[in-house]
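A short reminder: the numbers here are calculations on the coordinates, not readings from a lab. This one's a predicted model, so the numbers in the text were calculated from it and none came from an experiment. Note that we place each Cβ from the backbone using ideal geometry, even for glycine, and neighbour counts take in every protein chain shown.
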């Protein structure tokens, strides 16, 4: 054994805890789906009005008024005993975990649940309760098509001694409900070597924002720091760290895929260590400026003949597939690459043959985001995945979403409060 331990150390294995890998899958973002269906403009107007409402309130964290319209990667978790499965955003830009509760589905009376009572002509003829026949809007209950948690079916569920409510505000509404406690597993039921975490606090949402009706996801699992938590609780990964099940390191590898990659394997989250299978050696670590978001300093940004050296607070965020950029800079980027801003879709379109490259200087290293991660093909159109962060009056000025994370694996070190970057082995 005395010979094995040094060997394991040399190979980079962490002896303090196991390492677990959970794949994520790629989906088409809600924004793109709504653009295709013609509903994006109405959604964007409502979202922007709500953002404006909360932007003047210093007590509301910026995270709490964003939405997941641009999210393209989701993962599986299960709750309870026996397991109940959910699709969630594994979001390094937030710190709470919630899924729809069974109570979120209780919007139809028992007398209306028979097939002959579905709204329509059949209902008016055969349904005993004619109040069931009124046609509801598509978004009358965003929980309607979601997987929901039924705590009565879980032998490991623990009801809190005192009911605690929560509400998390998003772009067009909120998720609100109450807190409970149960076992969480990262990955799908039946997969091997999953991270199993007992005693996790879960948000059981009794209502969710109408926006979520247009998404494949069921809920959100935050992976930032506890101080960001709206409920002031540890999310499941921090609970695993607290219990000594894993070391406090999370590595994110996102695979670059084409526009037809809906539902396919999209990368891996590695809980408890580095991902040596998909990521190369760590280029460098950058100390966080605030252990709240995954927030750090960026010294310089350049694109073509543009060079900016002001220095900014930036954050890495797996919850969006776009780059958030200060408005003064994004306007110059658009001008340089002849990108056209579409006010209806809130997108910057560009000639597909344009060579685009961003260089981000973080610490002593320049990180290049290549064209393959900066020019998205959408039907017959191409776009640059970026949006304006406004003036950046508080909080991070930049948001580094999937274009950056696909270019570089992100290594999140909770204990040392730092973030590292590595080249992916498969590009």
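Binned at 5 Å from 0, what are the whole-percent values of the Cα-Cα distance distribution for the range 256-393, short to long?
2, 8, 15, 21, 20, 16, 12, 5, 1
Ranked highest first by the average count of other Cβ atoms within 10 Å around their residues, in what order do 192-201, 218-227 fall?
The most tightly packed comes first, giving 218-227, 192-201.
What is the packing order of peptides 362-368, 318-324, taking the mean over residues of other C-beta atoms within 10 Å and listing the highest first?
318-324, 362-368
Take the Cα coordinates of the range 337-400, assign each an equal point scatterer, and use the Debye formula without solvent to give log10 I(q)/I(0) at q = 0.12, 0.14, 0.15, 0.18 Å⁻¹.
Taken in order of the listed q values, log10 I(q)/I(0) reads -0.38, -0.50, -0.57, -0.78.
Considering only C-alpha atoms, what is the centroid distance from the range 151-195 to the range 204-221, in Å?
Result: 13 Å between the Cα centres.
Where does each of 412-425, 239-252 land if you order them by average Cβ count within 10 Å, highest first?
Those peptides, ordered most packed to least, come out 239-252, 412-425.
At a threshold of 8 angstrom on Cα-Cα distance, excluding pairs fewer than six apart, so keeping six or more, what relative contact order does the range 346-388 reach in percent?
48 percent
Contact order normalised by length for the range 191-330, with contacts defined as Cα pairs under 8 Å and 6 or more residues apart; what percent is it?
16 percent
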